[in-house]
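Shown next, in structure tokens, is the structure this report addresses.
The values are calculated or read from the model by the stated rules, or taken from the named source; none is laboratory data. Note that the structure is predicted; figures quoted are calculated from it, not measured. Reconstructed Cβ throughout: ideal geometry from the backbone, glycine too, with neighbour counts over all protein chains shown. Only protein heavy atoms, including side chains, enter the accessible area calculation; ligands, DNA and RNA are left aside. Shrake-Rupley method; radii C 1.70, N 1.55, O 1.52, S 1.80 Å.
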2 protein chains.
Amino acid sequence: MAFNDLLLRTLNGEKTERPPIWLMRQAGRYMKEYRDVRSKVSFLELCKTPELACEVVLQPIDAFGLDCAILFSDILVPIEPMGVNLDFKPAPYISNPVRTLEDADRMRLVNPKTELKFVMDAIKLMISKLNVPLIGFSGAPFTLACYMIEGEGSKSFLEVKKLMHNNTKAYTVLMEKLTDNTISYLQAQVDSGCPVVQMFDTWAGLVSTYEYEEFIFPYVQRVAESVKGAHFIYFAKDSSSFYPLIKNLNCAALGVDWKTSLKQADAALEHKFVLQGNMDPALLFADKATITKYANIILEEGKSLKGHIFNLGHGIMPQTPVENVKHLVDIVKGV
Amino acid sequence: MAFNDLLLRTLNGEKTERPPIWLMRQAGRYMKEYRDVRSKVSFLELCKTPELACEVVLQPIDAFGLDCAILFSDILVPIEPMGVNLDFKPAPYISNPVRTLEDADRMRLVNPKTELKFVMDAIKLMISKLNVPLIGFSGAPFTLACYMIEGEGSKSFLEVKKLMHNNTKAYTVLMEKLTDNTISYLQAQVDSGCPVVQMFDTWAGLVSTYEYEEFIFPYVQRVAESVKGAHFIYFAKDSSSFYPLIKNLNCAALGVDWKTSLKQADAALEHKFVLQGNMDPALLFADKATITKYANIILEEGKSLKGHIFNLGHGIMPQTPVENVKHLVDIVKGV
């Protein structure tokens, strides 16, 4: 079977016969095959065992015929060797959060080719088995900083904002290190064979436009400009207010969450990017007619973009009915 | 002392000497005086006892010289007589959530003047003691529906979206009743003397623009058009993507959260509204220089608006240092 290069052609700006489709968190708990693997090992073990990570990456490709795969890992995996005591209970928990300059100074730069060798091994194994492109990924510096500063989930992310404003030096030291590490981590993934990388900025939408401009965007820009040899996709949730800044980002494509229409995003971004998105993951719990209705709205809006990669507007949810995933993929593929 | 009508003049579209300032949740746990009252009664008892509710409403006016007061209550108080088993543990918990058409049919229309008489009594008492305008408020139909359908807090609000799409009839019956109740509840507050009412749509930002247009906005519009004799303020969090619709709303003012700048909001809303906002409540944990910096940015942006009411972009947080609240109010008042 020929290699499916639909994603790469779309990212190259070519007009394609239809948009490629993949789903954030497509290897995951909604699939019985995944739960079977996961029942034998912990989540971190799964991330760190290339053969198992490869197995779950292939599952949704085989089941639904998706147009690309994405590395199986967690955005927090690469912060562990920085000196972070990371646990999943199952929510991420960090017992030594960064709250002072000394804490930030203690965080290490990581050599991904040695200290995260299992990720590179997993990538090479996945690529050897796949007939579609493999997307590498990382968390964005700010989103990683949020976890490292809070130590666990939060509603207000107050500790992050306190450090940002009341100890800007510590915040900056941490962000600089995270930026350096993110660049070397993504570059190592590209060097291991990923033709596309996506950077997830899940928590960027927590701040004002002024704070995004001063405390977040410069680091995003530095990563996007530094990673060479692959298409770069930036996905920041709840970020439509930042589009006047993000439109200056040096990258191929932007992820759009479901709360902003692709058309609105494209207008605000001045038609500069291939857009990826943006069905609400909750719609996969609706009946097939509703899924069809919203998929068609998105497909229609996608036609006027510079390029469109069909995806959800956020990760697929664990209880999603598998038959609805199949239905969505079939609509997008026109089968 | 003369009645402070700064808020009313601003809402009337008059140019004023400075913007009025009040803070969402200004009567609350960050004040020792509030905690003292609250230590003697449950939250619901406090809401239902006019003398105590009045006492806590006056506290921040006396302490900070704010330009208006807001009714002390909870958005869920008026859904209790609909037939909802409501408890605060301390997070709201509903033991009989609405999941079927039968559940929705069972919900009652409420006569606020009799069944919520304690609210009207509280309003009259507050007004008799206040030297500033009293803002009445309610939750918006969708936000109330979210609580009633989920039964408790949620990250994905999956049950809401399932009912909306898979049982649209039940969703519609519930929303129609909530809309009728919201209109009569707000009208009763106006009839009791409130010159301004604010409707909070905390969860509207959960849905796509298509869903907002079809399943939420028509009900918002019906409330805004039906309440007579007072200025109407609509505050929907995370709603900047909906501004192309919201700009058609028949009301005096819109609340803006801290994630969109007032300038951006004003442009998207075509300069049609007085805007209220929008400092991040988390900034009240920063040092005074940072608070001053961001307050001045907001004050400056406010000058180009049709009218500006200074507020936070969301409710003040329980641990907020009181001296920082005083500092913010002083900056806005120019003292």
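Using a 7 Å offset from Cα along the direction of the beta-carbon, what are the separations from A:Y93 to the same position in each other copy, nm, ascending?
2.1
Of all DSSP beta bridges located in the protein assembly as shown, what percent are antiparallel, nearest 5?
Numbers: 6 of 56 bridges.
That works out to approximately 10 percent antiparallel.
Of all the accessible heavy-atom surface of the protein assembly as shown, with the other protein chains kept in place and a 1.4 Å probe, what percent is carbon and sulfur? All intermediate terms of the calculation are to be shown ahead of the outcome.
On the way: 12820 of 24440 Å².
Carbon and sulfur: 52 percent of the exposed surface of the protein assembly as shown.
Averaged across B:202-213, how many Cβ atoms of other chains sit within 10 Å of each residue's Cβ atom?
Working: counts 0, 0, 1, 2, 4, 4, 14, 7, 7, 6, 1, 0.
The per-residue average across the peptide is 4.
Quick one: label points 7 angstrom along Cα→Cβ at B:Q319, distances to the other copies in nm, smallest first?
The answer, with the shortest distance listed first, is 3.2 nm.
When the Kirkwood hydrodynamic radius is evaluated over all pairs of different C-alpha atoms of the stretch A:96-139, what value in angstrom, to one decimal, is obtained?
Values: mean 1/r = 0.0763 Å⁻¹.
So the Kirkwood estimate lands at 13.1 Å.
Just want to confirm a number: the relative contact order over chain A, from Cα pairs under 8 angstrom separated by 6+ residues, in percent. List each step's numbers first, then the result.
Details: 618 pairs, mean separation 65.8, N = 335.
Relative contact order of chain A: 20 percent.
How far apart, in nm, are the 7 Å Cα→Cβ label points at A:K272 and B:R108?
5.8 nm
Counting only Cα, what are the radius of gyration and maximum Cα-Cα distance Dmax of the stretch B:167-305, in Å?
16.4, 53
Of B:V56, B:V227, B:V41, which has the largest mean-square fluctuation in a 10 Å C-alpha GNM of chain B?
Residue with maximal mean-square fluctuation among B:V56, B:V227, B:V41: B:V41.
Could you compute how much accessible surface A:K288 exposes when probed at 1.4 Å, giving the result in Å² to the nearest 10?
Taking all protein chains as shown, A:K288 has close to 90 Å².
Calculate the radius of gyration of the Cα atoms of the stretch B:25-79 to one decimal place, then report Dmax, the largest Cα-Cα distance, as a whole number, both in Å.
Rg then Dmax for the stretch B:25-79, in Å: 10.7, 32.
Working only with C-alpha atoms, what are the Rg and Dmax values of the stretch A:1-97, expressed in angstrom?
Spelled out, the Cα radius of gyration and Dmax of the stretch A:1-97 are 16.3, 50 Å.
Once label points are set 7 Å from the Cα along Cα→Cβ at both A:D287 and B:R9, what is their separation, rounded to one decimal in nm?
Between A:D287 and B:R9, the label points sit 5.8 nm apart.
Please give the average number of partner chain Cβ atoms lying within 10 Å of the Cβ of each residue in B:280-286, rounded to a whole number.
Details: counts 7, 3, 13, 6, 1, 7, 5.
Mean number of neighbouring Cβ atoms from other chains: 6.
Write down the accessible area per residue of the stretch B:37-165 in Å², having rolled a 1.4 Å probe over the full set of protein chains. Walk me through the numbers before you get to the answer.
Numbers: 4940 Å² over 129 residues.
Spelled out: the 1.4 Å probe surface of the stretch B:37-165, per residue, equals 38 Å².
Could you work out the helix-only [θ] at 222 nm for the protein assembly as shown, with each DSSP H run of four or more residues adding -39,500 (n - 2.57) and the total divided by the number of residues, to the nearest 500 deg cm²/dmol? Please report the intermediate quantities before stating the final value.
Values: 30 runs with 296 residues, N = 670.
Result for the protein assembly as shown: -13000 deg cm²/dmol, rounded to the nearest 500.
Using a Gaussian network model of chain B with C-alpha springs under 10 Å, which one of B:G139, B:G307, B:G13 is most mobile by mean-square fluctuation?
Highest fluctuation of the listed residues: B:G13.
Before I look further, what does the stretch A:173-323 give for accessible area per residue, probe 1.4 Å, in whole square angstrom? Don't jump to the answer; show the numbers that get you there.
Values: 4440 Å² over 151 residues.
The answer is 29 Å² per residue.
Roughly what % antiparallel, to the nearest 5, for the DSSP beta bridges in chain A? Kindly include the intermediate steps, with their values, before the conclusion.
Numbers: 3 of 28 bridges.
Percent antiparallel among DSSP bridges in chain A is about 10.
Treat the protein assembly as shown as a sphere of radius equal to its Kirkwood radius over Cα pairs and apply Stokes-Einstein at 25 °C in a medium of 0.890 mPa s; give the translational diffusion coefficient in µm²/s, rounded to a whole number. Display every interim value, and only then the final one.
Details: Rh = 26.3 Å.
After rounding, the answer is 93 µm²/s.
Can you work out the PRE-style zone for A:D191? Point 7 Å along Cα to Cβ, and I want the residues of the stretch A:107-137 with backbone N under 20 Å.
Within reach of a label on A:D191: A:108-128, A:134-137.
What are the label-to-label distances in nm, one decimal and shortest first, from B:R29 to the same spot in the other copies, with labels 7 Å along Cα to Cβ?
2.7
For chain B, with a Gaussian network of springs between Cα atoms less than 10 Å apart, report the residue from B:K89, B:K306, B:K32 with the top mean-square fluctuation.
Of B:K89, B:K306, B:K32, the most mobile in the Gaussian network model is B:K89.
Go ahead and collect, in residue order, the members of the stretch A:280-320 whose backbone nitrogen is under 14 Å from a label point 7 Å along the Cα-Cβ direction of A:V335.
Counting backbone N atoms under 14 Å from the label point, the list is empty.
Rg to Rh for chain A: what is it, with Cα atoms only and Rh by Kirkwood?
Rounded to two decimals, Rg over Rh is 0.94.
Taking a quarter of the surface of the Cα convex hull of the stretch A:209-267, what do you get in nm²? Working shown, then result.
On the way: hull surface 15.7 nm².
In nm², the orientation-averaged hull projection of the stretch A:209-267 is 3.9.
For the stretch A:1-89, what relative contact order do you get, as a whole percent, if you take Cα pairs closer than 8 Å and at least 6 residues apart? Write out the running numbers ahead of the final one.
Working: 69 pairs, mean separation 24.6, N = 89.
Here the relative contact order equals 28 percent.
A plus B alone minus the pair: what accessible area, both sides summed, probe 1.4 Å, in Å² to 100?
Numbers: alone 13670 and 13670 Å², together 24440 Å².
Result for this pair: about 2900 Å² buried.
Kindly provide the GluC sites (Glu not before Pro) of the stretch A:255-319 that DSSP labels as loop, not H, G, I, E or B, and whose Cβ sees at most 14 other Cβ atoms within 10 Å.
Details: sites: A:E270, A:E300, A:E301; in loops: A:E270.
Passing sites in the stretch A:255-319 are A:E270.
What shape does the stretch A:172-211 have by the C-alpha gyration tensor, where a ≥ b ≥ c are the square roots of the eigenvalues, rounded means a/c under 1.5, and otherwise prolate means a/b greater than b/c and oblate the rest?
Judged from the Cα gyration tensor, the stretch A:172-211 comes out oblate (a/c at least 1.5, b/c at or above a/b).
Wrap a convex hull around the Cα atoms of the stretch B:269-335, take a quarter of its surface area, and give that in square nanometres.
Details: hull surface 17.9 nm².
It is 4.5 nm².
Working from the alpha-carbon coordinates of the stretch A:1-41, get Rg over Rh, Rh being the Kirkwood radius.
With Rh from the inverse mean 1/r over Cα pairs, Rg/Rh is 1.20.
How large is the convex hull of the C-alpha atoms of the stretch A:54-176 per residue, in Å³? Spell out each step's value before the answer.
Values: hull volume 14.9 nm³, N = 123.
Hull volume over Cα atoms, normalised by residue count, gives 121 Å³.
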